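The next block holds one structure in the form of C-alpha coordinates; read it before the comments.
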Amino acid sequence: MLAGEWDQRFPNGTTMVRVSDIQQRDPGAFSTVDEAGALPSRGAIQSYGQFRPTKEWTVGWSYTAFTDPGYFSDYRINEDKSATNEVYATRLTRDDFFDARLQQFNVLGPMSAAAAAAQPGKQGLALPNIRYHGVNYLPGDNGEVDLSASLLGVDRAADDRRATLPG
(Lines give C-alpha, C1' and ligand atoms only; values in the text may rest on other atoms or scores of the structure.)
Protein backbone atom coordinates (compact mmCIF):
# COMPACT_ATOMS: atom_id res chain seq x y z
CA MET A 1 0.00 0.00 0.00
CA LEU A 2 1.21 3.47 -0.83
CA ALA A 3 -0.39 6.50 0.79
CA GLY A 4 0.44 10.16 1.03
CA GLU A 5 -1.08 13.34 2.39
CA TRP A 6 -0.39 16.98 1.64
CA ASP A 7 -1.74 19.52 4.12
CA GLN A 8 -1.25 23.25 3.49
CA ARG A 9 -2.28 25.99 5.88
CA PHE A 10 -2.70 29.63 4.94
CA PRO A 11 -3.50 32.68 7.09
CA ASN A 12 -7.13 32.49 5.92
CA GLY A 13 -7.62 28.78 5.23
CA THR A 14 -6.39 25.26 4.68
CA THR A 15 -6.25 22.57 2.00
CA MET A 16 -5.63 18.85 2.20
CA VAL A 17 -5.10 16.16 -0.43
CA ARG A 18 -4.82 12.47 0.53
CA VAL A 19 -4.02 9.72 -1.98
CA SER A 20 -3.82 5.99 -1.32
CA ASP A 21 -3.40 2.96 -3.56
CA ILE A 22 -2.80 -0.74 -3.10
CA GLN A 23 -1.69 -3.40 -5.54
CA GLN A 24 -3.40 -6.48 -4.08
CA ARG A 25 -1.33 -9.67 -3.99
CA ASP A 26 -4.53 -11.66 -3.48
CA PRO A 27 -7.28 -9.79 -5.38
CA GLY A 28 -9.85 -12.39 -4.33
CA ALA A 29 -9.35 -11.84 -0.59
CA PHE A 30 -12.34 -9.50 -0.34
CA SER A 31 -14.41 -10.93 -3.20
CA THR A 32 -16.62 -13.02 -0.91
CA VAL A 33 -18.14 -9.85 0.56
CA ASP A 34 -17.50 -7.32 -2.17
CA GLU A 35 -17.05 -8.37 -5.80
CA ALA A 36 -15.41 -4.99 -6.50
CA GLY A 37 -12.77 -5.92 -3.90
CA ALA A 38 -11.32 -8.39 -6.40
CA LEU A 39 -9.74 -5.56 -8.42
CA PRO A 40 -5.94 -5.94 -8.73
CA SER A 41 -5.45 -2.26 -7.87
CA ARG A 42 -7.62 -0.25 -5.50
CA GLY A 43 -7.36 3.29 -4.22
CA ALA A 44 -8.82 6.68 -3.44
CA ILE A 45 -8.22 10.42 -3.69
CA GLN A 46 -9.64 12.76 -1.07
CA SER A 47 -9.46 16.54 -1.04
CA TYR A 48 -10.68 19.20 1.36
CA GLY A 49 -10.35 22.96 1.46
CA GLN A 50 -11.75 25.84 3.45
CA PHE A 51 -11.03 29.56 3.17
CA ARG A 52 -12.26 32.72 4.87
CA PRO A 53 -11.92 35.49 2.26
CA THR A 54 -13.62 37.94 4.65
CA LYS A 55 -14.65 37.87 8.30
CA GLU A 56 -18.24 36.94 7.37
CA TRP A 57 -17.67 34.45 4.52
CA THR A 58 -16.36 30.88 4.48
CA VAL A 59 -15.99 28.96 1.21
CA GLY A 60 -14.76 25.45 0.65
CA TRP A 61 -15.03 21.99 -0.82
CA SER A 62 -14.80 18.33 0.07
CA TYR A 63 -14.26 15.61 -2.56
CA THR A 64 -13.69 11.85 -2.42
CA ALA A 65 -13.13 9.57 -5.44
CA PHE A 66 -12.49 5.82 -5.07
CA THR A 67 -12.15 2.66 -7.13
CA ASP A 68 -14.87 0.87 -5.17
CA PRO A 69 -17.06 1.71 -2.16
CA GLY A 70 -15.60 -1.10 0.01
CA TYR A 71 -11.98 0.09 -0.27
CA PHE A 72 -12.00 2.27 2.86
CA SER A 73 -13.58 -0.35 5.17
CA ASP A 74 -11.66 -3.34 3.76
CA TYR A 75 -8.34 -1.74 4.69
CA ARG A 76 -9.68 0.10 7.77
CA ILE A 77 -8.75 3.47 6.31
CA ASN A 78 -12.10 4.98 7.18
CA GLU A 79 -15.18 3.37 8.77
CA ASP A 80 -17.64 6.04 7.56
CA LYS A 81 -20.74 4.71 5.79
CA SER A 82 -20.91 7.66 3.37
CA ALA A 83 -18.91 10.50 1.84
CA THR A 84 -20.30 13.82 0.65
CA ASN A 85 -18.71 15.67 -2.24
CA GLU A 86 -19.59 19.33 -1.98
CA VAL A 87 -18.76 22.92 -2.79
CA TYR A 88 -20.12 25.53 -0.41
CA ALA A 89 -20.24 29.19 0.62
CA THR A 90 -21.44 30.35 4.05
CA ARG A 91 -22.03 33.86 5.38
CA LEU A 92 -22.52 34.43 9.09
CA THR A 93 -23.08 37.83 10.71
CA ARG A 94 -24.75 39.01 13.90
CA ASP A 95 -28.08 39.36 12.07
CA ASP A 96 -28.11 36.70 9.36
CA PHE A 97 -26.97 33.29 8.19
CA PHE A 98 -26.69 32.19 4.53
CA ASP A 99 -25.42 28.80 3.33
CA ALA A 100 -25.34 27.54 -0.27
CA ARG A 101 -24.08 24.08 -1.26
CA LEU A 102 -23.87 21.77 -4.25
CA GLN A 103 -23.70 18.21 -2.94
CA GLN A 104 -23.22 14.64 -4.15
CA PHE A 105 -23.74 11.74 -1.74
CA ASN A 106 -21.75 8.48 -1.99
CA VAL A 107 -22.40 5.25 -0.09
CA LEU A 108 -19.29 3.53 1.30
CA GLY A 109 -18.83 -0.03 2.51
CA PRO A 110 -18.91 -3.57 1.15
CA MET A 111 -21.39 -4.23 -1.65
CA SER A 112 -21.61 -6.29 -4.80
CA ALA A 113 -20.17 -4.92 -8.04
CA ALA A 114 -23.70 -4.65 -9.46
CA ALA A 115 -24.89 -2.67 -6.42
CA ALA A 116 -21.80 -0.45 -6.55
CA ALA A 117 -22.39 0.27 -10.24
CA ALA A 118 -26.02 1.21 -9.54
CA GLN A 119 -25.26 3.50 -6.56
CA PRO A 120 -24.22 6.66 -8.47
CA GLY A 121 -27.60 6.78 -10.22
CA LYS A 122 -29.58 6.11 -7.04
CA GLN A 123 -27.76 8.58 -4.82
CA GLY A 124 -29.21 12.05 -4.97
CA LEU A 125 -27.48 15.25 -5.94
CA ALA A 126 -28.49 18.32 -3.95
CA LEU A 127 -28.39 21.03 -6.60
CA PRO A 128 -28.71 23.45 -4.84
CA ASN A 129 -29.10 23.25 -1.08
CA ILE A 130 -29.59 26.84 0.13
CA ARG A 131 -30.61 28.08 3.58
CA TYR A 132 -31.11 31.60 4.91
CA HIS A 133 -32.10 33.02 8.28
CA GLY A 134 -32.13 36.72 9.03
CA VAL A 135 -33.26 38.96 11.85
CA ASN A 136 -34.28 42.61 11.37
CA TYR A 137 -34.52 44.57 14.59
CA LEU A 138 -37.27 47.17 14.59
CA PRO A 139 -36.40 50.67 15.87
CA GLY A 140 -37.40 51.80 19.33
CA ASP A 141 -37.47 48.36 20.96
CA ASN A 142 -40.52 47.43 18.86
CA GLY A 143 -39.39 43.84 18.39
CA GLU A 144 -37.86 42.01 15.51
CA VAL A 145 -38.79 40.38 12.22
CA ASP A 146 -37.33 36.93 11.54
CA LEU A 147 -37.09 35.59 8.02
CA SER A 148 -36.13 32.00 7.20
CA ALA A 149 -35.99 30.37 3.78
CA SER A 150 -34.63 27.19 2.27
CA LEU A 151 -34.36 25.77 -1.22
CA LEU A 152 -33.44 22.18 -1.97
CA GLY A 153 -33.24 20.72 -5.44
CA VAL A 154 -32.72 16.94 -5.63
CA ASP A 155 -31.69 15.16 -8.80
CA ARG A 156 -31.34 11.41 -9.07
CA ALA A 157 -30.78 9.48 -12.29
CA ALA A 158 -32.41 6.25 -11.07
CA ASP A 159 -35.17 5.59 -8.59
CA ASP A 160 -34.35 3.60 -5.49
CA ARG A 161 -37.29 1.22 -5.27
CA ARG A 162 -36.49 -0.40 -1.92
CA ALA A 163 -39.51 -0.75 0.34
CA THR A 164 -39.24 1.13 3.62
CA LEU A 165 -41.35 0.14 6.57
CA PRO A 166 -42.52 2.92 8.91
CA GLY A 167 -41.28 2.91 12.40
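The values are calculated or read from the model by the stated rules, or taken from the named source; none is laboratory data. Keep in mind that this is a model prediction, so the values were computed, not measured. FYI the Cβ positions are ideal-geometry reconstructions off the backbone, even for glycines, and counts take in every protein chain you see. Calculation scope for accessible area: heavy atoms of the full protein, side chains included, ligands and nucleic acids excluded. Shrake-Rupley method; radii C 1.70, N 1.55, O 1.52, S 1.80 Å.
So here's what we get for this one:
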item: Residues satisfying the stated conditions in the range 3-31, i.e. part of a loop (DSSP other than H, G, I, E, B) and of a type in the set (A, V, I, L, M, F, W, C); result: ALA29, PHE30
item: Candidate set from the range 1-35 (those that are within 25 Å of the chain's Cα centre (by Cα) and among the charged types (D, E, K, R)); member that is modelled with the lowest pLDDT; result: ASP34
item: Neighbours by Cβ (under 8 Å, 6+ apart or cross-chain): first from the range 12-28, in contact (Cβ under 8 Å) with a residue 12 or more places away in the chain; second open to solvent by 40 Å² or more (accessible area, probe 1.4 Å) and among the acidic types (Asp, Glu); result: THR14/ASP7; THR15/ASP7; MET16/GLU5; MET16/ASP7; VAL17/GLU5; ARG18/GLU5; VAL19/GLU5
item: Test: residue in the range 106-123 that is of a type outside the set (Lys, Arg), out of contact with any His (no Cβ under 7 Å at 6 or more places or on another chain) and at pLDDT 90 or above; result: no
